[in-house]
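First comes the structure, then the notes that go with it.
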Amino acid sequence: LSNLGSIKADAAYHHLNNYGTNSIMITIGEIHKAQVLDKDGMPVVRDVVNFGINLDERIADGFYFAKSMKIMRYIIEHPRMLDVPLNESIGYDGE
């Protein structure tokens with residue numbers, strides 16, 4: 001996990017390691033302003049950040065990777081979930 005935003009860089013999507021010792025790589029880019037659509041479909045300028053996420057296919061296939069990314073998005077959109085103990089359900093229904 002690397003916060004590349006701390007050095008004014010954007011998120012990277014791949015590492016340069018040929019030996020496969022990094023099974024999961026997540027990078028966070030610099031927070032910046034971007035035009036996005038609000039819940040009513042109207043354009044607004046908001047703070048956004050890019051994530052770069054790379055998973056070694058030897059530890060999970062695309063189905064589980066995509067499902068994990070949906071859960072991660074849910075948690076990011078509902079940060080109170082980070083306070084839920086690990087042995088409790090976060091209420092994610094798998095939409």
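The values are calculated or read from the model by the stated rules, or taken from the named source; none is laboratory data. A quick note: this is a predicted structure, and the numbers were derived from the prediction, not measured. Here Cβ is always computed from backbone atoms with ideal geometry, including for glycine, and neighbour counts include all displayed protein chains. Note: areas computed on protein heavy atoms with side chains; ligands, DNA, RNA excluded. Shrake-Rupley method; radii C 1.70, N 1.55, O 1.52, S 1.80 Å.
Descriptive notes on the structure:
- Picking from residues in the range 45-81 that are among the acidic types (Asp, Glu) and in a loop (DSSP other than H, G, I, E, B), the one that is nearest to Ile28 (Cα to Cα) is Asp56.
- Of all residues in the range 12-41 being at pLDDT 90 or above and of a type in the set (A, V, I, L, M, F, W, C), the one that is nearest to the chain's Cα centre (by Cα): Ile28
- Some residue of the range 75-88 being among the polar types (S, T, N, Q), over 11 Å from the mean Cα position of the chain (by Cα) and at pLDDT below 90: yes
- The range 39-95, residues that are open to solvent by 100 Å² or more (accessible area, probe 1.4 Å), touching a residue at least 12 places away in the same chain (Cβ under 8 Å) and either closer than 18 Å to Ala11 by Cα or in contact with a Lys or Arg (Cβ under 8 Å, 6 or more places away or on another chain) (or both): Val45, Arg46, Glu95
- Any hit, the range 23-38, residues being open to solvent by 100 Å² or more (accessible area, probe 1.4 Å) and out of contact with any strand residue (DSSP E or B) (no Cβ under 7 Å at 6 or more places or on another chain): no
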